[in-house]
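Chemist: Below: one structure in structure tokens.
The values are calculated or read from the model by the stated rules, or taken from the named source; none is laboratory data. Computed from a prediction, not measured in an experiment: that's the story for all the values here. Quick reminder, even Gly has a Cβ in these numbers, built from the backbone with ideal geometry, and neighbours come from all protein chains shown.
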Amino acid sequence: MTDDFQWYCLHTRPKNEGTTSQLLRAEIDVEVFCPLIRFERARREGKAWVTEAMFPGYVFARFSFDSQHRKIQSTRGVIKIVRFGEHVAVVPEDVIATLREAISDEQTIILEAGIRTGDEVNLVEGPFRGLRAVVTRILPAQERVAVLLELLGAEREIEVSLHAILPDTPHPLVRPETT
């Protein structure tokens with residue numbers, strides 16, 4: 001590879017980052033970096049592991065802009081090469097290196113839900129499924145937590161399995177608002 005190969009950010013169709021990355025690798029032989037996050041999310045059936053793009057709608061590709069931008073732009077799933085006005089946005093090599101260092105298997109970060117006392121949680125299993133509660137105690141030896149529920153107009157503390165709760169957050173990368 002020559003020095004004119006640089007990293008660029010590509011805007012992709014929604015939820016199409018993986019397919020677009022594969023097409024770029026297979027059809028154009030381009031180095032692609034599409035970091036993913038894996039986390040647990042509450043579903044109607046209980047907990048489920050979900051894998052999503054860390055940057056929804058975007059992938060990074062390393063290529064020679066002068067000789068390959070038309071092929072890249074016309075690849076199925078690519079909406080556009082990100083620009084700032086008339087200037088193509090080049091992603092510095094050290095930014096990609098830093099992202100890769102944070103990722104264990106070159107592609108996916110697994111986000112574990114760390115439950116702490118005082119956290120609001122959703123119950124996703126058992127007879128109290130669908131209710132929200134506040135963690136009052138963590139019982140690690142038994143893999144259980146005590147949560148405070150409002151039942152029949154009164155607050156009650158019950159113990160449930162760690163596997164029966166999920167933190168009450170919309171997405172693991174959403175930061176809470178600061179006041």
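Chemist: Can you name the residue in segment 51-94 that is part of a loop (DSSP other than H, G, I, E, B) and crowded, with 16+ Cβ neighbours inside 10 Å and is also farthest from the chain's Cα centre (by Cα) among such residues?
Modeler: Going residue by residue through segment 51-94, those that are part of a loop (DSSP other than H, G, I, E, B) are 54-57, 74-77, 82, 85-86, 89, 92.
Filter once more, so that each one left must be crowded, with 16+ Cβ neighbours inside 10 Å: 54-55, 75, 77.
On the way: 54: 4, 55: 8, 75: 24, 77: 20 Å.
The selected residue is 75.
Chemist: Consider residue 99 against the criteria (1) under 13 Å from residue 33 (Cα atoms); (2) modelled with pLDDT under 90; (3) touching a Ser or Thr at 6+ places or on another chain (Cβ under 9 Å): it satisfies all of them except one. Which criterion is unmet?
Modeler: (3)
Chemist: Let me ask something else about it. Quick check, is residue 28 crowded, with 17+ Cβ neighbours inside 10 Å and not assigned by TED's automatic domain parsing to the domain that holds residue 161? Step through it out loud before you land on a result.
Modeler: Values: crowded, with 17+ Cβ neighbours inside 10 Å: no; not assigned by TED's automatic domain parsing to the domain that holds residue 161: yes.
Answer is no for this residue.
Chemist: Counting just the residues of segment 48-77 that are of a type in the set (Lys, Arg) and out of contact with any helix residue (DSSP H, G or I) (no Cβ under 7 Å at 6 or more places or on another chain), which one comes out nearest to residue 123 (Cα to Cα)?
Modeler: Taking segment 48-77 as the starting set, the residues that turn out to be of a type in the set (Lys, Arg) are 62, 70-71, 76.
Keeping just the survivors that are out of contact with any helix residue (DSSP H, G or I) (no Cβ under 7 Å at 6 or more places or on another chain) gives 62, 70.
Working: 62: 44, 70: 50 Å.
Only one residue fits best here, namely 62.
Chemist: Of the numbered conditions (1) within 21 Å of residue 91 (Cβ to Cβ); (2) modelled with pLDDT under 85, residue 44 fails exactly one; give the number of that condition.
Modeler: With respect to (1) within 21 Å of residue 91 (Cβ to Cβ); (2) modelled with pLDDT under 85, residue 44 is out only on (1).
Chemist: Another question about this same structure. Take the residues of segment 130-158 that are at pLDDT below 85 and closer than 22 Å to residue 45 by Cβ: which is surrounded by the most Cβ atoms within 10 Å (Cβ to Cβ)?
Modeler: Step by step, filter segment 130-158, then rank; the result is 145.
Chemist: On to the next question. Just checking, which of 97, 48 is within 21 Å of the chain's Cα centre (by Cα), assigned to a helix (DSSP H, G or I) and free of Cβ contacts under 8 Å to residues at least 24 places away in the same chain? Reasoning before the result, please.
Modeler: Values: 48 fails: assigned to a helix (DSSP H, G or I).
The match here is 97.
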